1. Spelling out what I want: for every residue of region 592-598, take phi, set θ = phi - 60°, compute 6.51 cos²θ - 1.76 cosθ + 1.60 (Karplus), and round to whole Hz; glycine and proline get x.
2. At q = 0.17 Å⁻¹, what log₁₀ I(q)/I(0) does region 378-525 have when each alpha carbon counts as one equal point scatterer in the Debye sum?
3. Using the Karplus curve 6.51 cos²θ - 1.76 cosθ + 1.60 with θ = phi - 60°, what ³J(HN,Hα) values do you get for each residue of region 202-211, in whole Hz, with x for Gly and Pro?
4. Would you pull out the residues with amide H under 5 Å of Asn143's amide H, same chain only if 5 or more places away, H placed 1.01 Å from N?
5. From the gyration tensor of the Cα coordinates in the chain, what semi-axes in whole Å does the equivalent ellipsoid have, largest first, with each one equal to sqrt(5λ)?
6. Which of the three applies to region 269-401, rounded, prolate or oblate, going by the alpha-carbon gyration tensor with a ≥ b ≥ c and a/c under 1.5 meaning rounded?
7. Under 5 Å between amide H atoms, partner at least 5 residues away or on a different chain: which partners does Val341 have, H built in plane at 1.01 Å?
8. Looking at region 146-442, I'd like the Rg to Rh ratio, where Rg is from alpha-carbon atoms and Rh is Kirkwood's inverse mean 1/r.
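The numbers here are math on the coordinates, done by the rules we state, and not lab data. Since the structure is predicted, the reported quantities are computational estimates derived from the model, not experimental observations. No Cβ is skipped: glycine too gets one built from the backbone with ideal geometry, and neighbour counts run over all protein chains shown.
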Amino acid sequence: MIKFRKTLAAMLAVTMVVGLTACGSGNGGSDAGNTPAADTTQQTDTTPATDQTTSTDAGTDTEPAAEADTRLAAEVYPEEFNVEGWTDESSALYADVLGEFNEYYQKSLVVDSLSERWALMAIAEAKMLESGVFIPLSTRGGNYAISRVAPYTVNSTLWGNDSDRFHQALIADKFIIPADRDEMKAKWAELKGTGTYEQCAKDFLAEKGYTLSDTYNVAMTSNVTTWDALNTSRQADSEAIVHTYDGLMEYDIENVQQPALATGYEVSDDGLTYTFHIREGVQWVDSQGRKIADVKADDFVAGMQHMMDCMAGLEYLVQGIIKGSNEYISGETSDFSTVGVSAPDDYTLVYTLEAPCSFFTTMLGYNVFAPLCRDYYTSQGGKFGEEFSADDASYVYGTDPDHIAYCGPYLVTNYTPDTTIVYEANPTYWNKDNINIKKQVWVFEDGTDATKTYTDAVAGTLAGTGLNTASLEVAKADGNFDLYAYTSATDATTFNGFLNINRKAFANFNDATVAVSAKTVDDAKKTAAAMQNVHFRRALCSSLDRGSYNAQSQGEELKLNNLRNCYTPGTFVFLEEETTVDINGTATTFPAGTFYGAIMQAQIDADQVPWTVWDPTADGGIGSSDGFDGWNNPSYAKSELEAAVAELAAAGIEVSAENPVQIDLPYFAGSEIYTNRANVFKQSFESTLENKVVVNLIPCESADDWYYAGYYPEYGYEMNADMMDVSGWGPDYGDPQTYLDTMLPDYAGYMVKSIGMF
């Protein structure tokens with residue numbers, strides 16, 4: 001019997017100001033500073049789009065709403081859902097739609113060569129992209145921004161939580177001008193790995209007349225749902241909690257992994273055993289700074305077991321990596337001593353792996369490896385193993401900042417939902433003399449006012465902000481754009497437009513009166529049949545004018561900057577040695593240094609799908625998968641639709657302008673930008689596909705309603721949309737597996753629920 005997740009896990013919401021971002025890197029690199037990416041900043045006012053009030057059933061020929069017996073919303077969520085039947089249905093559909101992807105992916109996991117592994121993963125991803133289950137949309141950053149945060153004074157590693165740690169940030173008393181920012185970035189590139197950039201940056205800023213502040217004002221858009229670092233995969237939670245604890249090792253601002261709660265480690269000759277030496281004298285304290293206990297090796301054993309007990313979406317990261325983890329997580333055994341994590345003594349921690357893992361140490365910067373003070377946890381009603389229950393009335397661990405133990409640089413001194421989080425320096429912190437930020441003030445922004453983060457940044461309430469299409473005009477008018485604006489860095493987060501190929505929900509699972517579909521049962525059956533046709537999916541994927549879509553948040557000038565054309569960024573890894581792999585029966589050799597994206601493109605070209613995911617001339621000839629629209633292809637979209645129409649007709653399903661396929665797209669109606677984005681979907685699909693497809697825009701008056709339609713659901717049958725652009729993924733560690741694992745079957749892949757399975 002499958003052991004189902006008990007809580008929501010790691011999807012990335014394309015949210016407002018700094019938002020529900022990644023299961024992994026969250027701030028777009030330190031050059032983003034407090035300058036959130038376009039997708040996370042660019043909320044606007046409540047001015048509706050021209051067709052917002054009528055778009056719910058726009059373009060349909062359905063009967064009036066009084067015909068309730070034909071409406072799918074009336075059939076949503078029976079009291080007893082047949083989970084086994086749902087699983088069988090998902091498995092069959094997965095095999096048909098993503099079976100080829102998984103076949104290639106499984107091959108990649110058993111080869112000995114790291115370069116061959118990555119080459120096969122690139123081929124597998126090409127097959128996944130060709131399936132048309134989602135449209136890659138964008139990454140974070142690439143927008144205009146203004147900021148007081150000095151570039152590269154926050155870690156810019158593309159994976160894990162360390163990029164959310166702000167204690168080394170340098171915050172100036174005024175916005176840093178672009179010329180100074182460029183000089184600092186060049187100096188970082190020169191000094192990276194020497195350990196000297198921080199002092200150099202301080203000296204440079206002083207020479208240029210800046211004064212440093214020890215307070216960092218940050219924007220937040222989502223309340224923390226739990227303060228338990230091991231019981232959440234939501235970035236909105238983990239980016240808040242990460243300031244309260246340290247990990248074994250942490251990436252510094254030069255992106256070099258440094259000792260933290262471990263002073264060092266050794267790896268056995270066979271690559272299976274990692275032995276860490278825990279730093280002595282580190283204290284656990286409560287929210288008042290009172291000592292609870294010393295940090296010991298057993299805290300990491302307790303943390304790993306608690307993480308596996310919670311099943312919050314983190315556990316998949318160690319399945320197949322740490323010995324015995326799969327058996328414990330799946331429920332085959334309840335004996336945690338069989339799992340490969342142990343504490344031979346108070347200051348020795350040992351991880352035993354199933355097989356050598358090239359990226360194991362890159363995982364240490366993610367909250368899956370966070371410590372847990374065992375004694376404090378049990379004092380708050382916490383239990384382990386089969387006795388664990390988050391619903392126990394006595395269980396209060398992580399319910400608020402006063403019910404966790406701290407061993408990190410900050411204590412939470414104020415948490416008021418929808419208002420603020422205040423962090424102050426932990427006086428017992430082991431490294432207290434080496435932090436630059438003594439206080440953080442997180443300010444809640446609900447995203448309904450397009451210019452509020454800008455006005456707050458100018459006033460000093462925030463350290464910086466991205467400039468959306470509305471605030472950009474204000475900044476130009478008041479002169480701040482010319483003085484301070486720069487283009488923020490992009491990161492490894494990938495946002496997608498997911499196609500639901502097995503939709504079961506036609507209203508939100510938490511409230512069946514919200515985001516209700518106007519479709520009839522027959523309408524839904526036609527949509528389901530179309531969505532399960534690969535030609536139809538490719539027609540949709542090729543129809544979207546992604547530049548126009550992105551322009552609603554980035555503006556026309558920068559609309560292509562952060563467009564992404566694949567799931568794993570094309571430059572994420574490159575081959576370390578010459579590698580030969582099979583592409584459609586032809587042995588194909590790629591030289592050492594070949595980027596992942598180039599191999600994806602080779603497979604896509606061989607399969608004669610006219611999408612471009614890699615441009616070898618981009619970024620000064622380095623190559624990139626970003627910054628261009630490689631998917632919008634109206635002529636291909638029309639030809640694929642013709643193929644789909646013919647195949648559906650053979651199955652007795654008519655698709656025409658008179659009998660179109662209806663696509664429900666929920667959107668955040670409280671934001672003009674997201675309203676406009678939804679309308680780009682509608683206009684692109686309907687015009688390119690000659691009204692044989694119509695898009696019903698389903699308004700969600702609050703961001704939460706939007707999230708409940710397509711971000712908060714745990715399972716595919718709760719996804720209330722035919723298409724949804726509210727989420728994506730960011731990496732947890734430095735291997736493409738961190739992306740591709742999310743598309744695995746049998747409840748192992750977190751993102752497959754976004755396409756209506758498992």
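1. Per residue, the Karplus-derived 3J(HN,Hα) values read 4, x, 5, 6, 3, x, 5 Hz.
2. So the normalised log intensities work out to -1.13.
3. Coupling constants for region 202-211: 4, 5, 4, 4, 5, 5, 8, x, 8, 10 Hz.
4. Ala38, Ser488
5. On the way: eigenvalues 300, 185, 145 Å².
Over the Cα atoms of the chain, the ellipsoid semi-axes are 39, 30, 27 Å.
6. On the way: a/c = 2.00, a/b = 1.25, b/c = 1.59.
Because a/c hits 1.5 or more and a/b fails to exceed b/c, region 269-401 counts as oblate.
7. Thr352
8. On the way: Rg = 19.6 Å, Rh = 20.0 Å.
Result for region 146-442 is an Rg/Rh of 0.98.
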